[in-house]
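Note sheet for the following structure.
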Amino acid sequence: MTTKQHIFLVEDDLSFGAVLKSYLEINDYEVTWIDDGKHAVERFRSGEYQICILDVMLPNIDGFTIATEIRKLNKDIPLVFLTAKTLKEDILKGYNAGADDYITKPFDTEVLLCKIQAIIKRQSVETQTDNTVFTVGSYEFDARLRTIVRDEEKQKLSPKEADLLKLLCQNKNELLSRETALRKIWGDDGYFTARSMDVFITKLRKYLKDDPNIEIRNIHGSGFMLEVK
């Protein structure tokens with residue numbers, strides 16, 4: 001028997017929430033529905049979900065704030081925002097909060113279903129193809145064990161150091177945007193977390209300094225690039 005994909009739904013409109021929950025369940029999803037933002041993060045913490053669908057305008061705590069807290073608990077889970085707001089600033093705020101999609105009300109439930117299916121399928125493919133061992137110049141980096149090895153010398157990394165180096169390896173010789181790294185690893189792209197990431201970049205440069213063919217470049221105003229010649 002195939003395990004149903006589990007959706008975490010936060011929607012305060014009781015009529016709409018009930019209809020949407022039933023529609024998703026009819027289409028073979030398991031749905032946990034929360035109608036008050038103040039209980040959302042606690043409930044998310046107690047379950048296992050494949051995707052979050054969050055209304056933006058909620059009592060007590062808005063959907064953007066909930067998304068930020070969820071990202072601290074699970075940096076990879078897809079987020080879809082539902083909102084009646086169509087202002088450019090609100091849409092950009094949604095994507096800056098880590099949204100995989102932003103859907104304005106009213107919307108076609110079949111379109112939402114297709115978007116959910118596409119996001120979960122993409123997430124599944126990324127998980128299946130998610131390498132944990134990378135060759136970086138003369139180093140071998142094991143993201144699962146959090147080790148860098150060169151000439152039988154091993155360096156153990158902290159969890160965030162390993163997460164950041166893994167992202168750089170996945171984007172080797174390409175730009176890794178500062179915002180993407182901050183949201184995926186720290187769940188927040190504020191000033192202080194950005195300064196913290198700079199410290200981790202400095203540490204990674206130190207770990208890789210013995211190979212002159214490796215450089216972690218600072219792309220001004222944009223992010224970083226792991227350049228391997």
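The values are calculated or read from the model by the stated rules, or taken from the named source; none is laboratory data. The model shown is predicted, which means the values in this text are computed figures rather than measured ones. Glycine gets a Cβ as well: all are built from the backbone with ideal geometry, and neighbour counts include every protein chain shown. Please note that ligands, DNA and RNA were not included when accessible areas were found on the heavy atoms of the full protein model with its side chains. Shrake-Rupley method; radii C 1.70, N 1.55, O 1.52, S 1.80 Å.
Here are some notes:
- Between Ala181, Met197, Asn171, the Cα set farthest toward the positive side of the dipole of region 170-224 (charges on each charged residue's Cβ, about the Cα centre) is that of Met197.
- In summary, the lysines within cross-link reach of Lys4, defined as a Cα separation below 26 angstrom excluding same-chain residues under 8 places away, comprise Lys21, Lys72, Lys75, Lys115, Lys121, Lys184.
- Length-normalised contact order for region 6-100 - Cα pairs under 8 Å, 6+ apart - percent: 28
- Simple point charges give the picture: +1 on the Cβ of Lys and Arg, -1 on the Cβ of Asp and Glu, and for the chain a dipole about the Cα centre of about 780 debye.
- Computed over the chain: relative contact order in percent, which uses C-alpha pairs under 8 Å that are six or more apart: 14
- Computed from label points 7 Å out along Cα-Cβ, the spacing between Glu153 and Asp13 is 6.1 nm.
- Choice from Gly187, Gly37, Gly17 with maximal GNM fluctuation in the chain (Cα, 10 Å cutoff): Gly17
- Compactness of region 1-105 is given as radius of gyration and Dmax, 13.0, 44 Å, from Cα positions.
- Förster-model FRET efficiency, 41 Å R0, Ser138 and Tyr191, C-beta, rounded to 0.05: 0.70
- Carbon plus sulfur fraction of accessible area for region 42-176, probe 1.4 Å, in percent: 46
- Cα gyration tensor shape of region 68-204, rounded if a/c is under 1.5, else prolate or oblate by comparing a/b with b/c: prolate
- Within the chain, helices built from complete DSSP H runs that reach 27 Å or longer along their own axis (Cα positions) and carry a mean Kyte-Doolittle hydropathy of -0.5 or higher are 109-128.
- At q = 0.12, 0.17, 0.18 Å⁻¹, base-10 log of I(q)/I(0) for the chain (Debye sum, equal scatterers on each alpha carbon): -0.73, -1.18, -1.27
- Using a probe of 1.4 angstrom and keeping all protein chains present, the accessible surface of the chain works out to 56 square angstrom per residue.
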